[in-house]
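The values are calculated or read from the model by the stated rules, or taken from the named source; none is laboratory data. All values derive from a computational prediction rather than experimental measurement. Don't worry about glycine lacking a Cβ; one is built from the backbone with ideal geometry, like all the others, and counts go over all protein chains shown.
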Amino acid sequence: MRFEVLMADTAERFLCEPHQSVLDSMERLNRQDIPVGCRGGGCGVCKVQITHGEYLRRRMSRAHISAADEVAGIGLACCVIPLTNLTLSVVVGPNVPPPQLGAREHS
């Protein structure tokens, strides 16, 4: 069963395969909705806030995601694995570039 991810900022949607992170699914579909960094939870570039849905959270760097962030639904897209459909927004900060919205050109 695949889960739908809704980007609240843009109303864009994409499907996430079971056991695949939100970031992996987004990249697999050649989309650029979320900024991409290390892909391993250490850089904080792919920070998102999940406002609806259930998910598993892989280990993330405390330098970028605090316990308070986790309670507020903030995590790293490379470490968020949906268990249901999700609604989320990109969290843009001083060290996080704004996303380039829309699908990439396929060559």
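Mind checking which residues of region 9-68 are among the charged types (D, E, K, R), in contact with a helix residue (DSSP H, G or I) (Cβ under 9 Å, 6 or more places away or on another chain), free of Cβ contacts under 8 Å to residues at least 40 places away in the same chain and part of a loop (DSSP other than H, G, I, E, B)?
Answer for region 9-68, where residues must be among the charged types (D, E, K, R), in contact with a helix residue (DSSP H, G or I) (Cβ under 9 Å, 6 or more places away or on another chain), free of Cβ contacts under 8 Å to residues at least 40 places away in the same chain and part of a loop (DSSP other than H, G, I, E, B): E17, R39, R58, R59.
Give the residues of region 18-27 that are modelled with pLDDT under 90 and out of contact with any Asp or Glu (no Cβ under 8 Å at 6 or more places or on another chain), sorted by residue number.
Result: P18, E27.
Where residues in region 9-23 are under 12 Å from the mean Cα position of the chain (by Cα) and within 28 Å of A68 (Cβ to Cβ), which of them is surrounded by the fewest Cβ atoms within 10 Å (Cβ to Cβ)?
Looking at the filtered set, the residue picked out is Q20.
Where residues in region 70-82 are under 14 Å from the mean Cα position of the chain (by Cα) and more than 14 Å from S25 (Cα to Cα), which of them is surrounded by the most Cβ atoms within 10 Å (Cβ to Cβ)?
Among those that are under 14 Å from the mean Cα position of the chain (by Cα) and more than 14 Å from S25 (Cα to Cα), it is G75.
Could you figure out which of (1) modelled with pLDDT of 90 or more; (2) assigned to a loop (DSSP other than H, G, I, E, B) isn't true of V5?
For V5, the exception is condition (2).
Just a yes or no: is a residue in region 24-35 among the hydroxyl-bearing types (S, T, Y) and surrounded by fewer than 13 Cβ atoms within 10 Å (Cβ to Cβ)?
No, there is no match, as no residue in region 24-35 is among the hydroxyl-bearing types (S, T, Y) and surrounded by fewer than 13 Cβ atoms within 10 Å (Cβ to Cβ).
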